[in-house]
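Notes follow the structure.
The values are calculated or read from the model by the stated rules, or taken from the named source; none is laboratory data. Note that the structure is predicted; figures quoted are calculated from it, not measured. Here the Cβ positions follow ideal geometry from the backbone for every residue, glycine too, while neighbour counts run over all protein chains shown. Please note that ligands, DNA and RNA were not included when accessible areas were found on the heavy atoms of the full protein model with its side chains. Shrake-Rupley method; radii C 1.70, N 1.55, O 1.52, S 1.80 Å.
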Amino acid sequence: MKQHTSASAGAGIAGLVLGLALSASWSAGEVRDAVGELSAIPSVGALDAVPAMPRTRLLVAMDAARSSLERNRPWAAWKELADHVEDPAGAPASATLLAARAAAGWGGWSEVRRILAGREWLEREEGGEGLFLLARAYDEAERWDEAGDAYRRYAALPEVRSRATALARLGRVLREQGRHRDAAAAFGAAAA
């Protein structure tokens, strides 16, 4: 089968060269030279197999990670995606958010901070969920200023799922900073 494919490909290429030669009015010597150069091209069977595309591997890993999260196995989900978000700047937002969900599920808040900090798409993707997760990661590290800023930005987004939770957590952050009046206002907004 391999030889048949190589022979077919070689015949096809030779036919193409002959057709080009006739249409370009090549001399017989020029045609021989062109056909001779074809012998230097490796046969199709001798070429290395093309490795799976990195995007395909990522899509398979994302599917496996979603399945693991559905079965409440966040560590397994993280392990599926960790290599793909090693350089989060190069990973698509959907993969980065899925990895952040997985890391948050097992308490990997430093990983959440690492892969989400500085992403300009946090407020746009999936209802701002990445911004909420980043706020939680800062909160867990007791980085009150950054946590408060991220909770405020998240709560200001239209139609977010966890606005009350974000406002309550913002109140806690403000209380930790000794800003009791602002904390009371945040708790009141969360209750409303």
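Return the sequence-ordered ³J(HN,Hα) values of the stretch 166-172 in whole Hz as given by the Karplus equation 6.51 cos²θ - 1.76 cosθ + 1.60 applied to θ = phi - 60°, using x for Gly and Pro.
Result, rounded to whole Hz: 5, 5, 5, 5, 4, x, 5.
Whole Å is fine, so just give me how far the alpha carbon centre of the stretch 86-110 lies from that of the stretch 127-155.
About 15 Å separates the Cα centre of the stretch 86-110 from the one of the stretch 127-155.
Cα gyration tensor of the stretch 89-169, axes a ≥ b ≥ c as square roots of the eigenvalues: rounded (a/c below 1.5), prolate (a/b > b/c) or oblate?
oblate
So how do 134-142, 166-174 stack up, highest first, on mean other-Cβ count within 10 Å? Provide the component values of the computation, followed by the final result.
On the way: 134-142: 21.2, 166-174: 23.2.
Highest to lowest by the protection proxy: 166-174, 134-142.
If you roll a 1.4 angstrom probe over the protein chains with everything in place, what fraction of the accessible area of the stretch 88-192 belongs to carbon and sulfur, to the nearest %?
That share works out to 46 percent.
Please work out whether the stretch 139-192 counts as rounded, prolate or oblate from its C-alpha gyration tensor, where a ≥ b ≥ c are the square roots of the eigenvalues and a/c under 1.5 means rounded, while otherwise a/b larger than b/c means prolate and anything else oblate? Spell out each step's value before the answer.
Values: a/c = 2.15, a/b = 1.25, b/c = 1.73.
Oblate.
When only Cα pairs under 8 Å and 6 or more residues apart are kept, what is the percent relative contact order across the stretch 81-120?
40 percent
Mind listing the phi-derived Karplus ³J(HN,Hα) values for the stretch 180-187, rounded to whole Hz, using 6.51, -1.76 and 1.60 with θ = phi - 60°, and x for any glycine or proline?
Going residue by residue, I get 5, 5, 5, 4, 4, 5, 5, 5 Hz, with x marking Gly and Pro.
On full extension of the chain, what length is gained from Ala185 through Ala141, given 0.36 nm per residue of separation minus the C-alpha to C-alpha distance?
Net length gain for the segment: 13.5 nm.
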